[in-house]
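What follows draws every value from the coordinates through simple rules; no lab data is involved. Computed from a predicted structure; not experimentally measured. FYI the Cβ positions are ideal-geometry reconstructions off the backbone, even for glycines, and counts take in every protein chain you see.
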Amino acid sequence: MLLRYQRLTIPLLAALSVAVAITALVRPYFDHSSLSNAPTLIQVVAHIFLLQDILDLEAFSAGVWYVAIDFQLFAMAMACASLAQVWQGLSGKGSVVRKAFGFWLILTLCSMFVWNLNPLGEIWGAYFFGAYGLGLCVGSWRCAGFKFSVRNLGLLIFMVGVVAMAYHPRDRLMLAITTSLLLCWYEANDCNAIRYFKSKWIRELSNASYAIFLIHFSISLLVSAVVFNFWAENITINAVGLGVSFGMSVWMGRLIHHAIESPKPNWKRYLQWAAMFVATSTGVMLLG
């Protein structure tokens with residue numbers, strides 16, 4: 001659990017340091033709703049512990065909510081696995097994976113038919129567990145050793161999806177069901193990767209995708225501020241700006257992935273980047 005927290009937050013804190021600095025840099029020249037206000041101490045602490053949405057505080061960067069939700073979902077999944085382990089120790093029968101599968105399935109159905117229907121629940125992992133749990137169930141199917149095939153699992157997911165969509169249609173749910181069916185197809189084909197997707201450049205981009213996601217807001221903000229101030233009405237340069245923003249986001253994301261995300265996470269590195277984030281935010285507060 002703690003290792004997952006470190007893996008998520010070390011690159012996040014690095015990206016947030018950049019976001020806070022760039023936001024402060026462009027604020028005098030770029031009046032846009034995407035800019036956050038000057039940081040406060042409680043915001044800084046909340047971002048470090050992934051609590052900004054729960055405390056109803058403004059985020060410093062787009063997508064920070066996703067990182068918090070990812071950690072909550074992981075914590076829920078691991079809590080189920082721990083309960084399954086305890087149950088296995090008490091009963092001595094069956095399989096830990098099957099018991100965990102059962103817990104995940106219950107939470108998935110609760111999310112699909114109850115928790116996901118309340119828009120105010122978006123700050124909690126339970127709201128999104130329907131999609132997350134479908135992936136867990138498909139991923140653990142092979143190890144669980146159930147007697148009916150993964151094709152039948154796909155059919156079951158499809159039927160549950162139809163009922164859930166009839167009960168309350170949602171685009172996100174449709175996407176989750178479709179993705180889980182693709183995962184079932186992948187499992188049914190013995191997890192043989194599509195040859196094209198084995199390309200080195202795709203693998204490298206995939207590995208760096210989290211870092212690219214974290215840094216893209218800051219890069220887009222900086223490029224947008226420059227284009228807006230000098231070529232706001234020039235359609236061609238605006239189009240070029242989109243390309244520059246995309247390219248720089250990928251480039252910076254790969255740098256963050258190799259230099260910050262890839263090294264083994266530990267508390268020392270975590271504290272270093274937390275200190276960097278605090279120092280950057282404090283500097284902006286003092287200068288602003």
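Full extension of the chain segment joining Trp251 with Thr236 gains 3.1 nm, where the gain is 0.36 nm per residue of separation less the Cα-Cα distance. Along the chain, the longest continuous region that contains none of the chymotrypsin sites (Phe, Trp or Tyr not before Pro) in a DSSP loop with at most 16 other C-beta atoms within 10 Å is 149-288. Spin-label model, Ser95 to Leu156: label points 7 Å out along the Cα-to-beta-carbon direction sit 1.2 nm apart. The residues packed around Asn189, meaning those with a beta-carbon under 15 Å from its beta-carbon, carry a net charge of +2 if Lys and Arg are +1 and Asp and Glu are -1. Taking each residue as 0.36 nm, the span from Ala259 to Met276 lengthens on full extension beyond its C-alpha to C-alpha distance by 4.6 nm.
Taking GluC sites (Glu not before Pro) as exposed when DSSP calls them loop and at most 16 other C-beta atoms lie within 10 angstrom, the chain has its longest site-free stretch at 59-232.
Placing a pseudo-label 7 Å from each Cα along the Cα-to-Cβ vector at Arg269 and Ala21 gives an inter-label distance of 1.9 nm. Using only side-chain charges placed at the Cβ, +1 for Lys and Arg and -1 for Asp and Glu, the dipole size of the chain relative to its Cα centre rounds to 1260 debye.
Based only on other Cβ atoms within 10 Å, what is the fewest-to-most ordering of Asp190, Asp70? Walk me through the numbers before you get to the answer.
Values: Asp190 8, Asp70 17.
Exposure proxy ranking, most exposed first: Asp190, Asp70.
Using 1/(1 + (r/R0)^6) with R0 = 45 angstrom and r between the beta carbons of Gln85 and Leu55, what's the FRET efficiency to the nearest 0.05? Walk me through the intermediate numbers first.
On the way: r = 32 Å, r/R0 = 0.72.
About 0.90, to the nearest 0.05.
Remark: spin-label model distance Ser209-Val45 equals 3.6 nm, labels positioned 7 Å along the Cα→Cβ axis.
Could you work out the relative contact order of the chain, using alpha carbon pairs under 8 angstrom and six or more residues apart, expressed as a whole percent?
On the way: 293 pairs, mean separation 86.3, N = 288.
Over the chain, the number comes to 30 percent.
What is the range 194-288 by shape, rounded, prolate or oblate, if you read a ≥ b ≥ c off the alpha carbon gyration tensor as root eigenvalues and call it rounded for a/c under 1.5, prolate for a/b larger than b/c, and oblate otherwise?
oblate
Taking every Cα-Cα distance in the chain and sorting them into 5 Å bins starting at zero, the pair-distance distribution P(r) comes out as 1, 5, 10, 12, 14, 15, 14, 12, 8, 5, 3, 1, 0, 0, 0 percent. Under a model in which nothing but the beta-carbon of Lys, Arg (+1) and Asp, Glu (-1) is charged, the range 165-288 shows a dipole of about 400 debye around its Cα centre.
Proximity of backbone amide H atoms, modeled 1.01 Å from N, is registered between Phe60 and no other residue at under 5 Å, excluding neighbours fewer than 5 places apart on the same chain. Shown in residue order for the range 197-213 are the 3J(HN,Hα) couplings computed by the Karplus curve 6.51 cos²θ - 1.76 cosθ + 1.60 at θ = phi - 60°: 6, 7, 4, 4, 5, 5, 4, 5, 5, 5, 4, 8, 4, 5, 5, 4, 4 Hz (x for Gly and Pro). Any idea which of Pro11, Gly243, Gly145 is furthest toward the positive side of the dipole for the chain, if Lys and Arg beta-carbons carry +1 and Asp and Glu beta-carbons -1? Toward the positive end, the furthest listed residue is Gly145.
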